[in-house]
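So the structure is just underneath, and the comments pick up after that.
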């Protein structure tokens, strides 16, 4: 019996059944068991949102949670806010300034040049990223998707968003709720000019988010590029080319 007991691993618990020693594995709960339990009772969507809120920190996290909740409930009036018709300076903002905001900036430059209104030199258009690495080139998917729509991103270099940029422009156009929440946390005094670019969309993204194609593939990037092109055209139509503002700008020349 002693020999048998010594051969039983410590992780095994002996029982005596009808004179025989039977080893029973003692299960130790893994360290990750709370997460596993949560996954069985809480949808992945909510776990993902919780992770985002924690990553963003107290201030931006609370704002993001409120934006997300209102979106889920269909309460999107805040996302409908538009830039004033007199706006002449625009800053597009996304996460890293290598995909969405970069494409939006260059699409708007192209649309202005093709508008025939000779107003491009009177309009300031920039892009930046909340977490951009300065000098980084546009993502290869964004470069290809933009090129297919007649725009080259070869000269684009990523720029981190700064207070100076925020103060220079009439409106700041965020791509998603994380971008907007972080912008509001960093620049609360600029709340009135921080908008959602999706207010100018014409697809299911309207008044919601323009998802980051970095998490997708080339096809999702192509779709995103087409929607950004629509957004920038609508933005120009609602501001620079809106009734009465063209004459006003012409008089300022």
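The values are calculated or read from the model by the stated rules, or taken from the named source; none is laboratory data. Nothing here was measured: the structure is a model prediction, and the numbers come from that model. Here the Cβ positions follow ideal geometry from the backbone for every residue, glycine too, while neighbour counts run over all protein chains shown.
Summary of computed values
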item	result
Residues of the range 123-160 satisfying the condition of being part of a loop (DSSP other than H, G, I, E, B), more than 13 Å from residue 103 (Cβ to Cβ) and touching a residue at least 60 places away in the same chain (Cβ under 8 Å)	123, 159
Residue in the range 135-157 that is over 23 Å from residue 223 (Cβ atoms), in contact with a strand residue (DSSP E or B) (Cβ under 6 Å, 6 or more places away or on another chain) and assigned by TED's automatic domain parsing to the domain that holds residue 101 present	yes
In the range 53-73, the residues that are surrounded by 15 or more Cβ atoms within 10 Å (Cβ to Cβ), within 17 Å of residue 130 (Cα to Cα) and in contact (Cβ under 8 Å) with a residue 24 or more places away in the chain	56, 60, 61, 63, 64
Sole residue being surrounded by 17 or more Cβ atoms within 10 Å (Cβ to Cβ), part of a loop (DSSP other than H, G, I, E, B), modelled with pLDDT of 90 or more and in contact with a strand residue (DSSP E or B) (Cβ under 6 Å, 6 or more places away or on another chain), chosen from 97, 79	97
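This table checks each residue for (1) over 26 Å from residue 73 (Cβ atoms); (2) free of Cβ contacts under 8 Å to residues at least 24 places away in the same chain; (3) crowded, with 18+ Cβ neighbours inside 10 Å.
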| site | (1), (2), (3) |
| --- | --- |
| 162 | yes, no, no |
| 166 | yes, no, yes |
| 170 | yes, no, no |
| 183 | no, no, yes |
| 187 | yes, no, yes |
| 199 | no, no, yes |
| 227 | no, no, yes |
